[in-house]
Amino acid sequence: GELSEFGPGMMVKEFENAAYKLEVGQLSEPVKSSFGYHIIKLTDKKELKPYEEEKENIRKELEQQRIQDPQFHQQVTRELLKNADIKVSDKDLKD
C-alpha cells in the first residue's frame, strides 16, 4: 500500500532505517519488521527547514494540541472555579 509522508519516530525502527537510506525513486531490499516484510519505494523527500524558520509553526501546532487536550480544559476550568467569586442564592442549589 501507499503511505503518506512521515517523520522520525513515526514508523518502526527497521522500516525507518531502510526508508531514510533511500534516494527518490529508489527501491529498498526486503525489510523485515514486526508487521511483516516490506519493500519501500521513496517517491518524494522533503528537506527539513531550519528551526528558526519553523519555530513559530511548531509553537502554533503545540498550542493547538494543548487546547484540544481534555486535561487542559479540566485544569483551566478548575482554576477558573477556584478563583471565581460565585454566590448561590437558590436554596435548592446550595451545597
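Can you name every residue in segment 36-53 that is closer than 28 Å to GLU14 by Cβ and of a type in the set (Asp, Glu)?
ASP44, GLU47
In segment 24-80, which residue that is touching a Ser or Thr at 6+ places or on another chain (Cβ under 9 Å) and assigned to a loop (DSSP other than H, G, I, E, B) is surrounded by the most Cβ atoms within 10 Å (Cβ to Cβ)?
Within segment 24-80, the match that is surrounded by the most Cβ atoms within 10 Å (Cβ to Cβ) is ILE40.
Could you look through segment 5-23, keep only residues that are assigned to a loop (DSSP other than H, G, I, E, B) and surrounded by 10 or more Cβ atoms within 10 Å (Cβ to Cβ), and pick out the one that is modelled with the lowest pLDDT?
PHE6
Would you confirm, using the coordinates I've provided, whether ILE86 is of a type outside the set (Lys, Arg) and either farther than 24 Å from MET11 by Cβ or surrounded by fewer than 10 Cβ atoms within 10 Å (Cβ to Cβ) (or both)?
Here the answer is yes, as ILE86 does meet what is asked.
Which one of these does GLU2 not meet: (1) surrounded by 10 or more Cβ atoms within 10 Å (Cβ to Cβ); (2) acidic (Asp, Glu); (3) in a loop (DSSP other than H, G, I, E, B)?
(1)
The values are calculated or read from the model by the stated rules, or taken from the named source; none is laboratory data. Predicted model only: the values in this text are computed from it and were never measured. Quick reminder, even Gly has a Cβ in these numbers, built from the backbone with ideal geometry, and neighbours come from all protein chains shown.
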